[in-house]
Amino acid sequence: MAVKRKLLTQQQFNQIAKSSEWKIEELAPWHLSDLPGIQRKEGIVGAFVSGDSTATKFLNQRHAVLGIDVICHELNPQTANGEGPINVYHYVVTKTHDERFPYCLYGKFREETLMGHWPSDLDLSVYGLS
């Protein structure tokens, strides 16, 4: 499956860059509503972001300045395959060399989410919530 990428303006990046030093922060779903490249927006129940614009991490084969886990409600789970009512997707943001679009969003990925793509329950403790 080809990974989609969408260029982001500084303003769009600032809308989701709510973390520093890779500390996990909760991100209200409305922050993602106008962001290009985020899929399944109608089913988003929550999101978590971590990043640092000065210190990259290697995520999903990219030198990322930001990572986002997007938690979605699945209306038609493939229960025969073990899918439940929750799906988690991972997105990463990298820097570019384009002044108009200084960031690029990649995803959606099923790998490298903190909860796993098809979690068995909605245990948010992996994001620092109890």
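Only the coordinates and a few stated rules stand behind these numbers; no lab work does. Worth saying up front: this structure is predicted, and the values here are computed from it rather than measured. Counting neighbours? That spans all protein chains shown, and the Cβs are built from the backbone with ideal geometry, glycine included.
Hey, among VAL65, VAL93, VAL45, which residue is among the hydrophobic types (A, V, I, L, M, F, W, C) and in contact with a His (Cβ under 6 Å, 6 or more places away or on another chain)? Give the derivation first.
On the way: VAL65 fails: in contact with a His (Cβ under 6 Å, 6 or more places away or on another chain); VAL93 fails: in contact with a His (Cβ under 6 Å, 6 or more places away or on another chain).
Selected residue: VAL45, the only one of VAL65, VAL93, VAL45 that is among the hydrophobic types (A, V, I, L, M, F, W, C) and in contact with a His (Cβ under 6 Å, 6 or more places away or on another chain).
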* Structure fact -> Picked from the stretch 31-87 (must be surrounded by fewer than 17 Cβ atoms within 10 Å (Cβ to Cβ) and among the aliphatic types (A, V, I, L, M)), the residue nearest to LEU114 (Cα to Cα) is VAL45
* Structure fact -> Residue pairs qualifying under the 8 Å Cβ cut-off, at least six apart or on distinct chains, with the first in the stretch 72-85 being in a loop (DSSP other than H, G, I, E, B) and the second being among the β-branched types (Val, Ile, Thr), are GLU74/ILE86
